[in-house]
Amino acid sequence: MDKGRFASGLAIAAALALGLVAPSGAARAEDTIKIGLILSYSGPFAENARQIDNGVKLYMQQHGDSVAGRKLEILRRDTTGVAPDVAKRLAQELVTRDKVDFLTGFVLTPNALAVADIATEAKVPMVIMNAATSIITTKSLYIARVSFTLPQVTEPLAQWGAKNGIKQVYIMTSDYGPGHDAEEAFDKAFTAAGGQVVGKVRMPVKNPDFAAYVQKVSDLKPQAVFLFVPSGEQPTALMKTFAEQGLTRSGLKILATGDVTDDDALPAMGDAALGIITSHHYSYAHDSMLNKAYVKAYEAAYGPDIRPNFMSVGGYDGMAAIYKVIEALKGKIDADKAMAVLKGMKIDSPRGAIEIDPATRDVIQTVYIRRVEKVDGKVVNIEFDKIPEVKDPGKPH
Ligand code: PHB
(Lines give C-alpha, C1' and ligand atoms only; values in the text may rest on other atoms or scores of the structure.)
Protein backbone atom coordinates (compact mmCIF):
# COMPACT_ATOMS: atom_id res chain seq x y z
CA MET A 1 0.00 0.00 0.00
CA ASP A 2 1.41 3.44 -0.86
CA LYS A 3 1.89 5.98 1.85
CA GLY A 4 -0.86 8.32 0.67
CA ARG A 5 -3.58 5.64 0.70
CA PHE A 6 -2.41 4.41 4.08
CA ALA A 7 -2.60 7.94 5.52
CA SER A 8 -6.09 8.57 4.14
CA GLY A 9 -7.19 5.16 5.46
CA LEU A 10 -5.98 6.16 8.89
CA ALA A 11 -7.77 9.49 8.64
CA ILE A 12 -11.05 7.75 7.79
CA ALA A 13 -10.59 5.26 10.65
CA ALA A 14 -9.94 8.15 13.02
CA ALA A 15 -12.94 10.07 11.74
CA LEU A 16 -15.13 6.98 12.12
CA ALA A 17 -13.91 6.52 15.68
CA LEU A 18 -14.82 10.10 16.43
CA GLY A 19 -18.20 9.64 14.79
CA LEU A 20 -17.46 12.36 12.24
CA VAL A 21 -18.44 10.44 9.12
CA ALA A 22 -21.46 8.26 8.65
CA PRO A 23 -20.59 4.59 8.31
CA SER A 24 -21.57 2.88 5.06
CA GLY A 25 -24.95 1.13 4.69
CA ALA A 26 -23.43 -2.27 5.46
CA ALA A 27 -21.90 -1.05 8.70
CA ARG A 28 -25.13 0.69 9.69
CA ALA A 29 -27.14 -2.51 9.57
CA GLU A 30 -25.36 -3.72 12.73
CA ASP A 31 -25.65 -0.27 14.18
CA THR A 32 -28.26 0.96 16.64
CA ILE A 33 -31.65 2.16 15.46
CA LYS A 34 -31.82 5.82 16.33
CA ILE A 35 -35.05 7.49 17.42
CA GLY A 36 -35.14 11.27 17.70
CA LEU A 37 -37.57 12.21 20.49
CA ILE A 38 -38.49 15.90 20.20
CA LEU A 39 -40.40 17.25 23.22
CA SER A 40 -40.80 20.39 25.34
CA TYR A 41 -38.64 19.11 28.21
CA SER A 42 -38.43 22.61 29.72
CA GLY A 43 -40.85 25.55 29.90
CA PRO A 44 -44.63 25.65 30.43
CA PHE A 45 -45.23 22.31 28.67
CA ALA A 46 -42.48 20.39 30.50
CA GLU A 47 -45.00 18.25 32.39
CA ASN A 48 -46.35 16.97 29.06
CA ALA A 49 -42.84 16.01 27.98
CA ARG A 50 -42.32 14.21 31.28
CA GLN A 51 -45.53 12.22 30.73
CA ILE A 52 -44.66 11.25 27.16
CA ASP A 53 -41.10 10.38 28.13
CA ASN A 54 -42.41 8.23 30.99
CA GLY A 55 -44.66 6.37 28.51
CA VAL A 56 -41.69 5.82 26.17
CA LYS A 57 -39.46 4.55 28.98
CA LEU A 58 -42.16 2.28 30.39
CA TYR A 59 -42.75 0.65 27.00
CA MET A 60 -39.01 0.05 26.59
CA GLN A 61 -38.70 -1.27 30.14
CA GLN A 62 -41.48 -3.79 29.44
CA HIS A 63 -40.41 -4.80 25.93
CA GLY A 64 -36.62 -4.53 26.04
CA ASP A 65 -34.37 -2.02 24.31
CA SER A 66 -33.54 -4.22 21.30
CA VAL A 67 -35.94 -5.04 18.48
CA ALA A 68 -35.26 -7.51 15.66
CA GLY A 69 -31.71 -7.86 16.96
CA ARG A 70 -30.98 -4.13 16.85
CA LYS A 71 -30.44 -1.98 19.88
CA LEU A 72 -32.49 1.19 20.13
CA GLU A 73 -31.02 4.54 20.97
CA ILE A 74 -33.27 7.44 21.99
CA LEU A 75 -31.92 10.90 21.19
CA ARG A 76 -33.84 13.39 23.34
CA ARG A 77 -34.15 17.01 22.21
CA ASP A 78 -35.82 19.93 24.03
CA THR A 79 -37.86 22.51 22.11
CA THR A 80 -38.44 24.55 25.33
CA GLY A 81 -42.10 25.17 24.45
CA VAL A 82 -44.00 26.52 21.42
CA ALA A 83 -40.89 27.13 19.28
CA PRO A 84 -41.20 26.00 15.67
CA ASP A 85 -37.77 27.36 14.69
CA VAL A 86 -36.09 25.42 17.49
CA ALA A 87 -38.02 22.23 16.63
CA LYS A 88 -37.01 22.57 12.98
CA ARG A 89 -33.32 23.06 13.79
CA LEU A 90 -33.31 20.11 16.18
CA ALA A 91 -35.01 17.86 13.62
CA GLN A 92 -32.59 18.99 10.90
CA GLU A 93 -29.63 18.08 13.11
CA LEU A 94 -31.18 14.76 14.04
CA VAL A 95 -31.61 13.72 10.41
CA THR A 96 -28.39 15.12 8.92
CA ARG A 97 -25.85 14.68 11.71
CA ASP A 98 -27.28 11.88 13.83
CA LYS A 99 -28.97 10.04 10.95
CA VAL A 100 -32.04 9.06 12.96
CA ASP A 101 -34.32 6.32 11.63
CA PHE A 102 -37.47 7.82 13.21
CA LEU A 103 -38.62 11.22 14.41
CA THR A 104 -41.16 11.14 17.22
CA GLY A 105 -42.58 12.98 20.24
CA PHE A 106 -44.27 16.33 19.45
CA VAL A 107 -46.56 17.71 22.13
CA LEU A 108 -47.26 20.96 20.30
CA THR A 109 -48.82 21.54 16.90
CA PRO A 110 -46.57 24.43 15.74
CA ASN A 111 -43.48 22.32 16.42
CA ALA A 112 -44.85 19.28 14.60
CA LEU A 113 -45.84 21.41 11.59
CA ALA A 114 -42.35 22.91 11.43
CA VAL A 115 -40.79 19.45 11.14
CA ALA A 116 -43.15 18.00 8.50
CA ASP A 117 -41.04 19.16 5.52
CA ILE A 118 -37.92 17.64 7.04
CA ALA A 119 -39.65 14.26 7.36
CA THR A 120 -40.56 14.49 3.67
CA GLU A 121 -37.18 15.70 2.39
CA ALA A 122 -35.08 13.34 4.50
CA LYS A 123 -37.60 10.49 4.13
CA VAL A 124 -37.81 9.78 7.85
CA PRO A 125 -41.01 8.33 9.36
CA MET A 126 -42.47 10.73 11.93
CA VAL A 127 -44.77 9.35 14.64
CA ILE A 128 -46.86 12.00 16.42
CA MET A 129 -47.35 11.17 20.11
CA ASN A 130 -49.64 14.10 20.92
CA ALA A 131 -49.89 17.19 18.65
CA ALA A 132 -53.57 17.19 17.75
CA THR A 133 -54.45 19.71 15.05
CA SER A 134 -56.21 17.88 12.27
CA ILE A 135 -54.06 19.18 9.42
CA ILE A 136 -50.71 17.82 10.69
CA THR A 137 -50.91 14.42 9.00
CA THR A 138 -51.68 16.08 5.64
CA LYS A 139 -48.36 17.91 5.70
CA SER A 140 -46.18 14.90 4.93
CA LEU A 141 -46.75 11.38 3.65
CA TYR A 142 -44.20 10.30 6.27
CA ILE A 143 -46.35 11.34 9.25
CA ALA A 144 -48.58 8.97 11.24
CA ARG A 145 -50.40 9.89 14.46
CA VAL A 146 -51.29 7.67 17.45
CA SER A 147 -52.79 10.36 19.72
CA PHE A 148 -56.03 12.13 18.69
CA THR A 149 -57.34 15.20 16.91
CA LEU A 150 -59.36 18.04 18.39
CA PRO A 151 -62.26 17.65 15.92
CA GLN A 152 -62.31 13.90 16.70
CA VAL A 153 -63.06 14.47 20.39
CA THR A 154 -64.97 17.76 20.09
CA GLU A 155 -67.68 16.81 17.60
CA PRO A 156 -69.09 13.96 19.76
CA LEU A 157 -69.12 16.26 22.81
CA ALA A 158 -71.05 18.99 20.97
CA GLN A 159 -73.59 16.37 19.81
CA TRP A 160 -73.87 14.96 23.33
CA GLY A 161 -74.46 18.47 24.76
CA ALA A 162 -77.19 19.29 22.24
CA LYS A 163 -78.91 15.99 23.03
CA ASN A 164 -78.73 16.53 26.76
CA GLY A 165 -80.50 19.81 27.31
CA ILE A 166 -77.74 22.29 26.52
CA LYS A 167 -79.09 25.03 24.28
CA GLN A 168 -76.61 27.89 24.52
CA VAL A 169 -72.83 27.75 24.69
CA TYR A 170 -70.03 30.30 24.93
CA ILE A 171 -66.81 28.97 23.37
CA MET A 172 -63.34 29.67 24.84
CA THR A 173 -60.26 28.23 23.17
CA SER A 174 -56.52 28.80 22.78
CA ASP A 175 -55.59 30.96 19.83
CA TYR A 176 -53.57 28.45 17.82
CA GLY A 177 -54.10 25.32 15.70
CA PRO A 178 -55.79 22.91 18.13
CA GLY A 179 -57.91 25.71 19.63
CA HIS A 180 -59.09 26.80 16.18
CA ASP A 181 -59.94 23.17 15.37
CA ALA A 182 -61.88 22.76 18.63
CA GLU A 183 -63.77 26.02 18.15
CA GLU A 184 -64.77 25.20 14.59
CA ALA A 185 -65.74 21.60 15.34
CA PHE A 186 -67.87 22.57 18.35
CA ASP A 187 -69.57 25.47 16.59
CA LYS A 188 -70.40 23.39 13.52
CA ALA A 189 -71.67 20.26 15.29
CA PHE A 190 -73.56 22.11 18.02
CA THR A 191 -75.29 24.47 15.59
CA ALA A 192 -76.15 21.59 13.26
CA ALA A 193 -77.79 19.83 16.22
CA GLY A 194 -79.97 22.89 16.94
CA GLY A 195 -77.83 24.58 19.61
CA GLN A 196 -76.86 28.24 19.71
CA VAL A 197 -73.34 29.63 20.09
CA VAL A 198 -73.74 32.89 22.02
CA GLY A 199 -70.15 34.04 21.60
CA LYS A 200 -66.58 32.87 21.27
CA VAL A 201 -63.18 34.03 22.36
CA ARG A 202 -59.63 32.96 21.54
CA MET A 203 -57.09 33.25 24.36
CA PRO A 204 -53.31 33.55 23.85
CA VAL A 205 -51.34 30.30 23.98
CA LYS A 206 -48.32 32.04 25.50
CA ASN A 207 -48.67 33.29 29.11
CA PRO A 208 -52.45 33.72 29.13
CA ASP A 209 -54.07 35.65 31.98
CA PHE A 210 -57.53 34.13 32.18
CA ALA A 211 -59.16 36.67 34.57
CA ALA A 212 -60.64 39.00 31.94
CA TYR A 213 -61.87 36.11 29.79
CA VAL A 214 -63.61 34.46 32.73
CA GLN A 215 -65.07 37.82 33.82
CA LYS A 216 -66.78 37.96 30.43
CA VAL A 217 -68.48 34.63 31.25
CA SER A 218 -69.70 36.08 34.59
CA ASP A 219 -71.16 39.07 32.73
CA LEU A 220 -72.75 37.08 29.91
CA LYS A 221 -74.17 34.31 32.11
CA PRO A 222 -74.47 31.70 29.34
CA GLN A 223 -76.11 28.36 30.09
CA ALA A 224 -72.83 26.56 29.30
CA VAL A 225 -69.23 27.07 28.20
CA PHE A 226 -67.08 24.89 25.99
CA LEU A 227 -63.34 25.04 26.75
CA PHE A 228 -60.09 23.96 25.18
CA VAL A 229 -56.67 24.93 26.49
CA PRO A 230 -53.59 22.75 26.04
CA SER A 231 -52.65 20.38 28.83
CA GLY A 232 -49.71 21.58 30.93
CA GLU A 233 -49.90 24.61 33.21
CA GLN A 234 -53.02 26.20 31.71
CA PRO A 235 -55.94 23.92 32.72
CA THR A 236 -55.26 24.32 36.46
CA ALA A 237 -54.89 28.09 36.12
CA LEU A 238 -58.11 28.32 34.09
CA MET A 239 -60.17 26.25 36.52
CA LYS A 240 -58.74 28.18 39.47
CA THR A 241 -59.97 31.39 37.83
CA PHE A 242 -63.45 29.88 37.28
CA ALA A 243 -63.54 28.90 40.97
CA GLU A 244 -62.28 32.32 42.17
CA GLN A 245 -65.03 34.06 40.23
CA GLY A 246 -67.66 31.77 41.77
CA LEU A 247 -68.54 30.07 38.49
CA THR A 248 -67.91 26.45 39.45
CA ARG A 249 -70.88 26.38 41.87
CA SER A 250 -73.11 28.76 39.94
CA GLY A 251 -75.04 26.25 37.85
CA LEU A 252 -72.94 27.10 34.79
CA LYS A 253 -72.43 23.90 32.80
CA ILE A 254 -68.82 23.35 31.83
CA LEU A 255 -68.02 21.27 28.77
CA ALA A 256 -64.41 20.78 27.70
CA THR A 257 -62.04 18.48 25.88
CA GLY A 258 -60.18 16.10 28.18
CA ASP A 259 -57.08 18.29 27.90
CA VAL A 260 -58.71 20.61 30.46
CA THR A 261 -59.34 17.83 33.01
CA ASP A 262 -56.00 16.15 32.32
CA ASP A 263 -55.61 13.26 34.80
CA ASP A 264 -52.22 14.59 35.85
CA ALA A 265 -53.70 18.00 36.78
CA LEU A 266 -56.97 16.84 38.42
CA PRO A 267 -55.49 16.36 41.91
CA ALA A 268 -54.35 20.02 41.89
CA MET A 269 -57.76 21.23 40.63
CA GLY A 270 -59.58 19.21 43.25
CA ASP A 271 -63.26 19.91 43.88
CA ALA A 272 -63.25 22.89 41.47
CA ALA A 273 -63.30 20.36 38.63
CA LEU A 274 -66.25 18.27 39.89
CA GLY A 275 -69.10 17.99 37.40
CA ILE A 276 -67.17 19.10 34.31
CA ILE A 277 -68.23 17.06 31.27
CA THR A 278 -65.46 16.24 28.84
CA SER A 279 -64.72 14.02 25.87
CA HIS A 280 -61.38 12.34 25.25
CA HIS A 281 -59.65 9.17 24.19
CA TYR A 282 -58.03 8.17 27.50
CA SER A 283 -58.90 8.29 31.19
CA TYR A 284 -56.66 7.11 34.00
CA ALA A 285 -59.88 5.58 35.40
CA HIS A 286 -60.65 3.68 32.15
CA ASP A 287 -62.08 0.34 33.22
CA SER A 288 -60.11 -2.39 31.48
CA MET A 289 -57.58 -5.04 32.46
CA LEU A 290 -54.98 -3.50 30.18
CA ASN A 291 -55.40 -0.06 31.70
CA LYS A 292 -55.28 -1.37 35.25
CA ALA A 293 -51.98 -3.08 34.42
CA TYR A 294 -50.73 0.08 32.73
CA VAL A 295 -51.55 2.31 35.70
CA LYS A 296 -49.99 -0.19 38.10
CA ALA A 297 -46.77 -0.44 36.10
CA TYR A 298 -46.62 3.33 35.66
CA GLU A 299 -47.07 3.99 39.36
CA ALA A 300 -44.50 1.32 40.21
CA ALA A 301 -42.01 3.01 37.88
CA TYR A 302 -42.67 6.68 38.71
CA GLY A 303 -44.28 6.71 42.16
CA PRO A 304 -47.87 7.33 43.30
CA ASP A 305 -47.64 11.13 43.00
CA ILE A 306 -47.82 11.23 39.21
CA ARG A 307 -50.86 9.80 37.43
CA PRO A 308 -50.46 8.58 33.87
CA ASN A 309 -52.44 10.79 31.51
CA PHE A 310 -53.27 10.77 27.80
CA MET A 311 -49.82 12.14 26.96
CA SER A 312 -48.14 9.15 28.63
CA VAL A 313 -50.35 6.81 26.62
CA GLY A 314 -49.37 8.69 23.45
CA GLY A 315 -45.72 8.00 24.29
CA TYR A 316 -46.40 4.37 25.15
CA ASP A 317 -48.45 3.68 22.00
CA GLY A 318 -46.04 5.64 19.82
CA MET A 319 -43.27 3.31 20.93
CA ALA A 320 -45.54 0.31 20.32
CA ALA A 321 -46.01 1.56 16.74
CA ILE A 322 -42.26 2.03 16.24
CA TYR A 323 -41.48 -1.44 17.67
CA LYS A 324 -44.06 -3.01 15.34
CA VAL A 325 -42.48 -1.28 12.34
CA ILE A 326 -38.97 -2.43 13.27
CA GLU A 327 -40.20 -6.00 13.80
CA ALA A 328 -42.11 -6.08 10.51
CA LEU A 329 -39.07 -4.75 8.61
CA LYS A 330 -36.72 -7.11 10.49
CA GLY A 331 -34.60 -4.21 11.65
CA LYS A 332 -33.93 -2.74 8.18
CA ILE A 333 -35.68 0.61 8.21
CA ASP A 334 -36.90 2.01 4.92
CA ALA A 335 -39.23 5.00 5.17
CA ASP A 336 -41.73 3.93 2.51
CA LYS A 337 -41.93 0.40 3.87
CA ALA A 338 -42.30 1.80 7.39
CA MET A 339 -45.27 3.92 6.31
CA ALA A 340 -46.85 0.89 4.62
CA VAL A 341 -46.58 -0.99 7.93
CA LEU A 342 -48.04 1.94 9.87
CA LYS A 343 -51.06 2.19 7.55
CA GLY A 344 -53.80 0.01 9.00
CA MET A 345 -51.72 -0.89 12.08
CA LYS A 346 -53.79 -1.97 15.10
CA ILE A 347 -52.58 -1.41 18.64
CA ASP A 348 -54.09 -2.74 21.84
CA SER A 349 -53.76 0.42 23.92
CA PRO A 350 -54.54 1.14 27.58
CA ARG A 351 -57.29 3.43 26.17
CA GLY A 352 -58.86 0.57 24.14
CA ALA A 353 -58.12 -0.70 20.62
CA ILE A 354 -56.83 1.85 18.10
CA GLU A 355 -56.06 1.71 14.40
CA ILE A 356 -54.04 3.91 12.05
CA ASP A 357 -56.38 4.87 9.20
CA PRO A 358 -54.67 3.65 6.02
CA ALA A 359 -56.20 6.54 4.07
CA THR A 360 -55.10 9.41 6.32
CA ARG A 361 -52.42 7.93 8.65
CA ASP A 362 -54.48 9.34 11.50
CA VAL A 363 -55.83 7.42 14.48
CA ILE A 364 -59.28 5.78 14.59
CA GLN A 365 -60.52 5.17 18.13
CA THR A 366 -63.34 5.21 20.66
CA VAL A 367 -64.16 8.65 22.04
CA TYR A 368 -65.48 8.65 25.61
CA ILE A 369 -67.82 11.15 27.27
CA ARG A 370 -66.79 11.59 30.91
CA ARG A 371 -67.77 13.46 34.07
CA VAL A 372 -65.33 14.59 36.77
CA GLU A 373 -66.33 12.77 39.96
CA LYS A 374 -64.84 11.93 43.33
CA VAL A 375 -64.34 8.20 43.74
CA ASP A 376 -62.68 6.81 46.87
CA GLY A 377 -61.47 10.32 47.67
CA LYS A 378 -59.82 10.77 44.25
CA VAL A 379 -60.99 13.28 41.65
CA VAL A 380 -61.16 11.36 38.35
CA ASN A 381 -62.69 11.39 34.86
CA ILE A 382 -65.45 8.76 34.86
CA GLU A 383 -66.41 7.54 31.39
CA PHE A 384 -70.19 7.15 31.05
CA ASP A 385 -70.78 7.09 27.30
CA LYS A 386 -68.71 6.17 24.26
CA ILE A 387 -68.70 6.53 20.50
CA PRO A 388 -66.71 3.73 18.83
CA GLU A 389 -64.39 3.95 15.82
CA VAL A 390 -64.33 7.71 15.44
CA LYS A 391 -62.24 9.00 12.52
CA ASP A 392 -60.92 12.53 12.40
CA PRO A 393 -63.89 14.51 11.03
CA GLY A 394 -61.49 17.32 10.14
CA LYS A 395 -60.54 15.42 6.97
CA PRO A 396 -62.55 14.29 3.97
CA HIS A 397 -63.55 10.63 4.21
C1 PHB B 1 -51.18 20.74 20.43
O2 PHB B 1 -50.41 21.74 20.43
O3 PHB B 1 -51.48 20.15 19.38
C4 PHB B 1 -51.76 20.30 21.73
C5 PHB B 1 -51.07 20.53 22.91
C6 PHB B 1 -51.63 20.11 24.12
C7 PHB B 1 -52.86 19.48 24.12
C8 PHB B 1 -53.54 19.24 22.93
C9 PHB B 1 -52.99 19.65 21.73
O10 PHB B 1 -53.42 19.13 25.29
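The values are calculated or read from the model by the stated rules, or taken from the named source; none is laboratory data. Since this is a predicted model, take the numbers as computed values, not measurements. Please note: Cβ atoms are built from the backbone with ideal geometry, for glycine as well, and neighbour counts cover all protein chains shown. What goes into the accessible areas is simple: the full protein's heavy atoms, side chains included, and nothing from ligands, DNA or RNA. Shrake-Rupley method; radii C 1.70, N 1.55, O 1.52, S 1.80 Å.
Couple of notes before you dig in:
- Gained length - Asp98 relative to Thr138, 0.36 nm times residue gap less alpha-carbon distance: 11.8 nm
- Approximate spin-label separation Glu373-Gln196, in nm, with each point projected 7 Å along Cα-to-Cβ: 3.3 nm
- Counting only alpha carbon atoms, the long axis of helix 177-192 and the longest principal axis of the chain meet at about 40°.
- Under the Debye formula (equal points on every Cα, no solvent term), log10 I(q)/I(0) of the range 311-397 at q = 0.11, 0.16 Å⁻¹: -0.41, -0.74
- Accessible surface of His180 - all protein chains present, 1.4 Å probe, nearest 10 Å²: 60 Å²
- Restriction of the trypsin sites (Lys or Arg not before Pro) in the range 183-221 to DSSP coil positions whose beta-carbon has at most 13 other beta-carbons within 10 angstrom yields Lys206.
- All aspartates and glutamates inside 17 Å of Lys324 as judged from Cα atoms, apart from same-chain residues fewer than 8 positions distant: Asp65, Glu73, Asp101, Asp334, Asp336, Asp348, Glu355, Asp357, Asp362
- Zone residues, the range 62-82, relative to Asp117, backbone N less than 17 Å from point 7 Å out along Cα-to-Cβ: none
- The range 175-198 and the range 111-132 have Cα centres lying 27 Å from one another.
- Cross-link table Lys34/Lys337; Lys221/Lys395; Lys216/Lys253; Lys296/Lys378; Lys296/Lys395; Lys57/Lys296, entries beyond 25 Å C-alpha to C-alpha: Lys221/Lys395; Lys296/Lys395
- Relative contact order computed over the range 45-148 (Cα-Cα under 8 Å; 6+ residues apart), in percent: 21 percent
- Within the same chain, aspartates and glutamates fewer than 8 places from Lys88 are excluded, and of the rest, those with a Cα less than 15 Å from its Cα are Asp78, Asp98, Asp117, Glu121.
- Solvent exposure of the range 80-166 amounts to 31 Å² per residue of accessible area, where only protein heavy atoms count and the probe is 1.4 Å.
- Length released on extending from Asp334 to Asn207, taking residue separation times 0.36 nm less the Cα-Cα span: 41.6 nm
- Each DSSP beta bridge with both residues in the chain is either parallel or antiparallel, and the antiparallel ones are about 40%.
- Entry for the chain at q = 0.07, 0.13 Å⁻¹: log10 I(q)/I(0) = -0.33, -1.03, Debye formula applied to identical alpha-carbon scatterers, no solvent contribution.
- Debye, to nearest 20: dipole size of the range 297-392, +1 on Lys, Arg Cβ, -1 on Asp, Glu Cβ: 100 debye
- Lys, Arg +1 and Asp, Glu -1 on Cβ, resulting dipole of the chain about Cα centre, debye, nearest 20: 420 debye
- Solvent exposure of Ser42, expressed as accessible area, is near 40 Å², computed with a probe of 1.4 Å over the protein chains only.
- Entry comment: accessible area of the range 207-269 is 39 Å² per residue, from protein heavy atoms only and a probe of 1.4 Å.
- Summing Cβ point charges (Lys, Arg +1; Asp, Glu -1) relative to the Cα centre of the range 179-284 gives a dipole of roughly 420 debye.
- Surface share of carbon and sulfur [accessible, 1.4 angstrom probe, percent] for the chain: 53 percent
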